[in-house]
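Before any comments, here is the structure.
Every number in this text was worked out from the coordinates using simple rules, so none of it is lab data. Since the structure is predicted, the reported quantities are computational estimates derived from the model, not experimental observations. FYI the Cβ positions are ideal-geometry reconstructions off the backbone, even for glycines, and counts take in every protein chain you see.
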Amino acid sequence: MKPEEAYKMVRWQAVSNGVNVNNPTPYYLSYVSAEVNRTPLKKVRMVAPFSQAVFEGKGTHKGDKLKWYLVNDYGGDSTGEAVLQ
């Protein structure tokens with residue numbers, strides 16, 4: 001897997017206090033912001049390889065749309081969308 005493909009492997013799950021981010025890859029993912037249904041999440045940060053983090057927010061549910069923004073390995077911005085599990 002190439003670093004620019006790592007974000008495709010991330011799993012996003014709605015939890016009671018926001019969104020659990022599971023990074024099963026060997027790469028650091030430097031998120032700068034994320035939003036669910038256009039509502040920004042808090043404490044968005046870098047997620048280490050083979051680890052998890054919670055981006056805080058209220059009222060997230062399975063099936064909600066998430067949009068994320070990160071800084072890629074080239075210093076540019078990358079964006080993507082996911083549906084919460």
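So for the pair Asp77, Val15, with labels modelled 7 Å out along Cα→Cβ, what separation do we get in nm?
Distance between the two pseudo-spin positions: 2.7 nm.
Please state, as a whole number in µm²/s, the translational diffusion coefficient that the Stokes-Einstein equation yields for the chain at 37 °C and 0.692 mPa s, with Rh defined as the Kirkwood radius across alpha carbon pairs.
On the way: Rh = 12.6 Å.
Result for D is 261 µm²/s.
Ranking request for peptides 68-76, 13-21: highest mean number of other beta-carbon atoms within 10 Å first, then the rest in descending order. Provide the component values of the computation, followed by the final result.
On the way: 68-76: 13.8, 13-21: 17.4.
In decreasing order of mean packing, 68-76, 13-21 become 13-21, 68-76.
Excluding same-chain residues fewer than 8 positions from Lys8, which aspartates and glutamates have a Cα within less than 12 Å of its Cα?
Glu81
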